[in-house]
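The values are calculated or read from the model by the stated rules, or taken from the named source; none is laboratory data. Here the structure is a predicted model, which means the values were calculated and not measured. Backbone-built Cβ (ideal geometry, glycine too); neighbour counts: all protein chains shown. The accessibility values were calculated without ligands, DNA or RNA, using every heavy atom of the protein model including side chains. Shrake-Rupley method; radii C 1.70, N 1.55, O 1.52, S 1.80 Å.
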Amino acid sequence: MSSLAQDAKALMERFRSMPTEKIGSFYNSMDPEAYDEMVRMVNCTESDHILAKILEQPGLDASSEIYDVGCGTGLMGRLLHEQGFREIDGMDASEQFVSEATRRGHYRSCESFYLGERMLPRERLGRYDLVTAHGVWVPNHMPAKAITDCVNALKEGGYLITAMRSYLWKKGEKHGYRDMVDMMIEQGKLQLLETGHFMRGVEGGDAMFAPQESIYLVARRVPTPDRGELPKG
Ligand SMILES: C[S@@+](CC[C@H](N)C(=O)[O-])C[C@H]1O[C@@H](n2cnc3c(N)ncnc32)[C@H](O)[C@@H]1O
C-alpha cells in the first residue's frame, strides 16, 4: 500500500473519535492530499449525483453564481470548474482546507467561518443561482440551521442541490435536517423539486463509511409572490 493510501486509511480511523465541536480544527489537522485519497477510498458517490443533478437544471449555465458550502479541499469546485462553471465561491470551517481550495484555483473566492453559527455575511444573501453542499450533513458537522443560510444565500428561484445519508433524512431525526426543510416548505420559502436514492460506501471500515443508501435533494427558493415569476429555466 502506498504511503498516501496508508495516510488515508489512518484518517478514516480518526473519524471514530470525531469531536462534537470545533470540527474545523479536526479538518485543519488533516493533510489535504490524504483527505482527498480517503474520500476516493470510501466510495463517496454523492458528489457524482449532486453534479449530475446540477447539470440537468435548465436555468444553470457557465454564468451561474454558485456557493459551495463546506467546500473542504474543493472537490465540488473542481468538478464544477471542469464543466465550465467559473463564478464559484466556497466557504468552510477549516482554514487549512480553505487555503488548499484557494490554491487549487477553482474558486473565485473562498473564506473560512462556521455556517449556521452566526448571520450569513451580508454580501452572500440572495446572491446565488445555486448553493451546493457535499459531505456536510453529517453528525458533528453542519447544524440544521445552516440549511436556512443556504436558502437565504439563494436568489429567488435559485437551486439548492445537495445529498446526505438516507438515515439522516427522516422526520424527527435528531439533527433535524428534514424537519428544517419541511418547515421551509411549509413557510412557502422552499420547493422540493426532486429526491432520489443511491448507494455509497465500502465494506471493512468505520460504520460511517459502510455501504449505505444516500439521498440527493433538488430544491428551489420560492419567489416572494409580489416579485413575480421564477427566473431562468
Ligand atoms: C466531509 S468534509 C466534505 C468537504 C468537501 N465538501 C468535499 O466534498 O470533500 C466536511 C466539511 O464540512 C466542513 N464543515 C463542517 N461543519 C461546518 C460548518 N458548520 N461550517 C462550515 N464548514 C463546516 C468541514 O470543515 C469539512 O471541510
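Brief remarks on what is shown
- Highest mean first, the peptides 183-195, 56-68 sorted by other C-beta atoms within 10 Å per residue fall in the order 56-68, 183-195.
- Under 17 Å from a label point set 7 Å out along the Cα-to-Cβ vector of SER2, the amide N atoms of region 40-58 belong to 40-43.
- Amide hydrogen neighbours beyond the local backbone of ASP68, cut-off 5 Å, H modeled: ASP89, GLY90, MET91, THR132
- For region 82-233, the per residue solvent-accessible surface stands at 47 Å², with DNA, RNA and ligands left out and a 1.4 Å probe.
- In straight-distance terms, cross-link reach from LYS9 covers every one of the lysines whose alpha-carbon lies under 25 Å from its own, apart from those fewer than eight places away in the same chain; here that gives LYS22.
- Straight Cα distances below 16 angstrom link LYS174 to the lysines LYS145, with same-chain residues fewer than 8 positions distant left out.
- Remark on LEU190: its backbone amide H falls under 5 Å from those of ILE185, VAL222, a criterion applied only to residues 5 or more positions apart or on other chains, H modelled at 1.01 Å from N.
- Region 1-63-region 120-196 distance, computed between alpha-carbon centres (Å): 19 Å
- Given charges at Cβ of Lys, Arg, Asp, Glu: the chain dipole, positive-most of SER2, MET142, GLY188: GLY188
- A simple spin-label model places the labels of ARG108 and GLU21 3.5 nm from each other, with each point 7 Å out along Cα-to-Cβ.
- Measuring nothing but protein heavy atoms, the accessible surface of region 3-224 at 1.4 Å probe radius is 50 percent carbon and sulfur.
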